[in-house]
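Participant: Sharing a structure here in structure tokens format.
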Amino acid sequence: MKRAVSVVVAALMVFGLTSAFAPAAMGADAVPAPSASGSPLGADTVPTTDALPGADAVPGADAVPGADALPGGDAVPGADAVTSADAIPGTDAATSRSLKGHIDLGAAGHPATAGDVTITLFGWIGADQNEWIHYTQEWHPDAAGDFTLALGQFDYVILQYDYTGTGNFASAYSGEFLPWTPGGNPGGYHLTKPVTTVQTVLAVGGSITGTVLSTGLAAGTVLTASALPSEGTPRTPRFSRAVVQSDHSYLLTGLPAGTYSVEITSTSPNRASFDQSVGGTAAHPEGVSKTLAAGGQVAFPPYTMTLEGQVSGHVDCGLDCLEDKRSAVSLQAFDPPTSTWLTQAAGPLLTITGSEKITFTFTGLLPGTYRVAVDYLGDNNYGDLVTEPFDLRAGDSKQLSLALVRNAIPAPGVPSSVSSFITALYVDFLNRRPSSGEVAFWGAQLANGAPRSAVAAGFVNSDEYRMIRIDAAYTTVLKRTSDPGGRVTWLTEMQAGRITTDDIERTFYASDEYFLQQGGTRTSWAAGLYKALLGRTGGSAEYAFWAELAAQHGRPWVVSQFWDSTETISSRVSAMYMSYLGRQPDTGGLATWVGVALALGADQQRRVLRAVGAALPAVARAHASRVSGGAAASEAGSCRFVGSGCSEPDEHL
């Protein structure tokens, strides 16, 4: 059945041939070396002859459109080019080689006739091409089963026998499609040596039976059964396929002895299709396989075709986990008989442009119990993640929101809970990971009795943090980098205690530079404030109202009204809750922290709320790993730290 990572990954099998054996009206295609996989292609009604085992007409085996012999293919290993031709070259020359043969059905003495078998050939083109070429020129045996082929200048050929009668016989190739060697290949004919008569017997075909039901599929959906050979089963020119009958049964014939699985294809009236293997489960979508004896019959277990499910989502992490495909995701399914988890699909995650998130998608899933694993492939900045198990029903689409968790920086003598808290402070406030020495320094402060709120205050009041906020104000509000003189001026004012980072942002929003960026009118400037500070648009009457107030009181006064409004503060508080506590604020908490923001300002509010968040267990911050509709997938906070913390704060926190 089909699987996908970011894009759908299809895995189809053909009856011993690769998908290059697609039906072609005319021409010759290069043929691939033996392969166990490819795209399933047609099968004809099953033929008959007289007085032979398996020679009766087979009921219930309807013809499938496009089920002719499989001409053509891709170049085998060592083939440099693919060429095509309708007729064999050089057959009119005096030096043209010929091959005589005889073909029987089931056993010697039962000759095939013109209506039973079609013969075509593959010629080896050496020199610069090195490939097998399939020619569509056809021959048929006469009433005695004899045939003569005009082979042109080919030195080495393989014959293809397509059974086209109404019984149950297996089509066959005379040899294996391997690059020609001086010793030749089994069943291939080296025509520079004397070749008089080729004796061939097409074996009685085996058959596969079974029943298929369906649930949830669209009315008018057609189900088709196909026999897929396992590795080592002889490959044949024809692919055994049959439409599932109205009584839900199917019959696949013309099969040589070997091991097979059965694939069911569902094709809806709008031509959408998907495949499932009989006996397939979430953990074993490949289904069951059975061994078929020569001329025998095997019955496959009843199967119910269901709608397929999908699991998709994103993983939130820092930008460094996106570089060089440092993270990989895999989907695992639970196998009840063995009580084990089996990986179904894996691959690199896809980056969302301009985001710190990476996405994944798995499609074609059977009902069952699954989980998703994310592996960090880089250094030890992040830990791996495995979600809690979740059940997927037929046709379900599950959305997951996950977060990779940063590993804390250890330091000798510092407990892991303390190192987690300190590491989180560095990432949250300073946008970097601490050194082991820095963790040891702050760990000693806490061990000597300093409260966590005081340690957090040290970060808020540090010059490093202030410079980060100054640069962020330039980038966020004015959309440019800071100039050296401006940075120093603002830092000096903050060191003196005369301003806060809130004051810098408010000043920028009221500046002539921002005013001109928004269009240079009071109305357009007011519209810009709505978008920047409230995260929404307003009405023309609202813009006009604030434009008039700006004319009366000045732009700084208007910015203060926006900045200190309950709506703006609520937005900042909600962002801090998600960043530090991993959840949306409750009504009472929101009201409390809006009051704190009004009294202390955003920086001090951030310090207090950050200290509160660090004191909570990690499970309280598991919002980013929740599975849609149910169980928590990880005890990781949105902020990607074991035991604590978050990524860099939002620009308006």
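The values are calculated or read from the model by the stated rules, or taken from the named source; none is laboratory data. Given the structure is predicted, the values throughout are model-derived calculations rather than measurements. Here the Cβ is made from the backbone with ideal geometry for all residues, glycine too, and neighbour counts use every protein chain on show. The area values use the complete protein model at the heavy-atom level, side chains included, leaving out ligands, DNA and RNA. Shrake-Rupley method; radii C 1.70, N 1.55, O 1.52, S 1.80 Å.
Participant: Which one of the conditions (1) surrounded by fewer than 21 Cβ atoms within 10 Å (Cβ to Cβ); (2) among the aliphatic types (A, V, I, L, M); (3) over 36 Å from the mean Cα position of the chain (by Cα) does Val439 fail to meet, given that it meets all the rest?
Facilitator: (1)
Participant: Only one of these is modelled with pLDDT under 90, polar (S, T, N, Q), surrounded by 15 or more Cβ atoms within 10 Å (Cβ to Cβ) and in contact with a strand residue (DSSP E or B) (Cβ under 9 Å, 6 or more places away or on another chain): Thr387, Thr363, Thr423, Thr369. Name it.
Facilitator: Criteria check complete, one pass: Thr423.
Participant: If you go through region 138-175 one residue at a time, how many are aromatic (Phe, Trp, Tyr) and either free of Cβ contacts under 8 Å to residues at least 40 places away in the same chain or more than 16 Å from Ala114 (Cβ to Cβ) (or both)?
Facilitator: Adding up the residues that qualify gives 4.
Participant: Also, quick follow-up: Determine the pairs where a residue that is among the basic types (Lys, Arg), located within region 552-574, has a partner that is in a helix (DSSP H, G or I) with Cβ atoms under 6 Å apart, the partner being 6 or more residues away or on another chain.
Facilitator: Close Cβ pairs satisfying both conditions: Arg555/Ala510.
Participant: Of the residues in region 477-489, how many are free of Cβ contacts under 8 Å to residues at least 24 places away in the same chain, in contact with a helix residue (DSSP H, G or I) (Cβ under 6 Å, 6 or more places away or on another chain) and in a helix (DSSP H, G or I)?
Facilitator: 1
Participant: Within region 390-410, how many residues are open to solvent by 10 Å² or more (accessible area, probe 1.4 Å) and either farther than 28 Å from Phe334 by Cα or part of a loop (DSSP other than H, G, I, E, B) (or both)?
Facilitator: 9
Participant: Can you tell me which residue in region 282-297 is nearest to Ala257 (Cα to Cα), limited to those that are open to solvent by less than 40 Å² (accessible area, probe 1.4 Å) and of a type in the set (A, V, I, L, M, F, W, C)?
Facilitator: Leu292
Participant: Moving to a separate point now. Counting only residues that are assigned to a helix (DSSP H, G or I) and either in contact (Cβ under 8 Å) with a residue 60 or more places away in the chain or closer than 13 Å to Ala544 by Cα (or both), which one in region 506-528 is most open to solvent (accessible area, probe 1.4 Å)?
Facilitator: First pass over region 506-528, keeping only residues assigned to a helix (DSSP H, G or I): 506-510, 512-517, 522-528.
Cutting the leftovers down to either in contact (Cβ under 8 Å) with a residue 60 or more places away in the chain or closer than 13 Å to Ala544 by Cα (or both) gives us 522-528.
Details: Arg522: 119, Thr523: 66, Ser524: 32, Trp525: 1, Ala526: 1, Ala527: 30, Gly528: 9 Å².
Of everything passing the filter in region 506-528, Arg522 is most open to solvent (accessible area, probe 1.4 Å).
Participant: I'd like the residue in region 411-422 that is among the small types (Gly, Ala, Ser) and part of a loop (DSSP other than H, G, I, E, B) and, out of all such residues, is farthest from Tyr376 (Cα to Cα).
Facilitator: Gly413
Participant: Looking at region 184-217, which of the residues that are open to solvent by 60 Å² or more (accessible area, probe 1.4 Å) and part of a loop (DSSP other than H, G, I, E, B) is modelled with the highest pLDDT?
Facilitator: The extreme case among them is Thr192.
Participant: Another one. Could you grab me the full set of residues in region 419-475 that are acidic (Asp, Glu) and more than 30 Å from Thr507 (Cβ to Cβ)?
Facilitator: Glu438
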